[in-house]
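Undergrad: Below is one structure. I have some questions about it.
The values are calculated or read from the model by the stated rules, or taken from the named source; none is laboratory data. Being a predicted model, the structure only gives us computed values, none of them experimental. Here the Cβ positions follow ideal geometry from the backbone for every residue, glycine too, while neighbour counts run over all protein chains shown.
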Amino acid sequence: MSNRLNEILDEIRELEKSVQKEMIRKEEELKYTVKKGKVVFEKEIAELHKKFAGSLFLYVIRSSLLTALSGPVIYAMIIPALIFDASISLYQMVCFPVYKILKVKRKDHIILDRHYLKYLNFIERLSCDYCSYFNGLLSYSTEVAARTEQYWCPIKHASGKGKRHSRYHKFVDYGDAETYRARLAEIRKQYNDVD
């Protein structure tokens, strides 16, 4: 990989650290802490949230008919999602130890914490956690697939288009046969940047 590309990746990592610091600052500003996976707001903030609580009745009444009719379609997607979730977890559990690939921590991707927000009504909290589950599941599966691809085919695409996953920067440039053969075994073991 070129030196300039490494420099850019280092800059991205530094920016990610800055994002984490800013999120911690926001935690302090909004007066909450996360303890053992549970969000705890300071008492006066929790009371303020209750004042802003959305009315479930008004929420339902103000919803359009099309919104109400689409709800069952949205929530029915939980069935394939749960099957997919179980399949990805089983796949990783069986295959990753064979190839000595570090397992992806599901809890780092699927984060359900929006139900602690007392200013949301029941449907809003349920919907927020539902979206968090789906997006977390896709993030989790993308990371499992990325580590699989790093092991089996760590070659960049020719076009350079599209969003790249977390392992892509370790891949060999498209068409660089010599580097691919020389570094494949090494790349398959490069997980030193994974928590």
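Undergrad: For Tyr130, only one of the following conditions fails: (1) over 21 Å from Tyr91 (Cα atoms); (2) outside any helix (DSSP H, G or I); (3) out of contact with any His (no Cβ under 8 Å at 6 or more places or on another chain). What is its number?
TA: Evaluating Tyr130 over (1) over 21 Å from Tyr91 (Cα atoms); (2) outside any helix (DSSP H, G or I); (3) out of contact with any His (no Cβ under 8 Å at 6 or more places or on another chain) leaves (2) as the failure.
Undergrad: Based on this model, can you work out whether Ser70 counts as modelled with pLDDT of 85 or more, surrounded by 10 or more Cβ atoms within 10 Å (Cβ to Cβ) and either farther than 23 Å from Lys107 by Cα or among the acidic types (Asp, Glu) (or both)?
TA: Numbers: modelled with pLDDT of 85 or more: yes; surrounded by 10 or more Cβ atoms within 10 Å (Cβ to Cβ): yes; either farther than 23 Å from Lys107 by Cα or among the acidic types (Asp, Glu) (or both): yes.
Considered against the rule, which asks whether it is modelled with pLDDT of 85 or more, surrounded by 10 or more Cβ atoms within 10 Å (Cβ to Cβ) and either farther than 23 Å from Lys107 by Cα or among the acidic types (Asp, Glu) (or both), Ser70 comes out as yes.
Undergrad: Taking the criterion of being among the acidic types (Asp, Glu), exposed (fewer than 13 other Cβ atoms within 10 Å of the Cβ) and assigned to a helix (DSSP H, G or I), would at least one residue in segment 149-169 satisfy it? Before you say what the answer is, go through the steps one by one.
TA: Initially, segment 149-169 is screened for residues among the acidic types (Asp, Glu), giving 149.
Narrowing further to those that are exposed (fewer than 13 other Cβ atoms within 10 Å of the Cβ): none.
Scanning segment 149-169 turns up no residue that is among the acidic types (Asp, Glu), exposed (fewer than 13 other Cβ atoms within 10 Å of the Cβ) and assigned to a helix (DSSP H, G or I).
Each row is one residue, and each column tells you yes or no for (1) over 30 Å from Tyr59 (Cα atoms); (2) of a type outside the set (A, V, I, L, M); (3) at pLDDT 95 or above.
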| site | (1), (2), (3) |
| --- | --- |
| Ile78 | no, no, yes |
| Val94 | yes, no, yes |
| Ile101 | yes, no, yes |
| Arg114 | no, yes, no |
| Tyr133 | no, yes, yes |
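Undergrad: How many of the residues in segment 170-195 are within 28 Å of Ser89 (Cα to Cα) and out of contact with any Lys or Arg (no Cβ under 9 Å at 6 or more places or on another chain)? Break it down stepwise before answering.
TA: Let us first name the residues in segment 170-195 that are within 28 Å of Ser89 (Cα to Cα), namely 170-172, 184-195.
Going one step further and asking which of them are out of contact with any Lys or Arg (no Cβ under 9 Å at 6 or more places or on another chain), we end up with 170, 184-186, 192.
Residues flagged as within 28 Å of Ser89 (Cα to Cα) and out of contact with any Lys or Arg (no Cβ under 9 Å at 6 or more places or on another chain) within segment 170-195 amount to 5.
Undergrad: Here's something else I'd like to know. Consider segment 170-186. How many of its residues are under 25 Å from Phe96 (Cα atoms) and either out of contact with any helix residue (DSSP H, G or I) (no Cβ under 9 Å at 6 or more places or on another chain) or in a helix (DSSP H, G or I) (or both)?
TA: Looking only at that region, the number is 9.
Undergrad: Starting from residues that are closer than 30 Å to Gly54 by Cα and over 17 Å from the mean Cα position of the chain (by Cα), keep the ones in segment 86-116 and report whichever is surrounded by the most Cβ atoms within 10 Å (Cβ to Cβ).
TA: Per the criteria, the residue is Tyr116.
Undergrad: While we're looking at this one, here's another question. Which ones in segment 113-152 are without any contact (Cβ under 8 Å) to a residue 24 or more places away in the chain, in contact with a helix residue (DSSP H, G or I) (Cβ under 7 Å, 6 or more places away or on another chain) and of a type outside the set (Gly, Ala, Ser)?
TA: Within segment 113-152, Arg114, His115, Arg125, Cys128, Asp129 qualify.
Undergrad: Sticking with this one: How do the pairs read when you match residues in segment 166-195 that are without any contact (Cβ under 8 Å) to a residue 12 or more places away in the chain with residues anywhere that are of a type in the set (D, E, K, R) and assigned to a loop (DSSP other than H, G, I, E, B), using Cβ under 8 Å and keeping only pairs 6 or more apart or on different chains?
TA: Between residues of segment 166-195 that are without any contact (Cβ under 8 Å) to a residue 12 or more places away in the chain and residues that are of a type in the set (D, E, K, R) and assigned to a loop (DSSP other than H, G, I, E, B), the close pairs are Thr179/Asp173.
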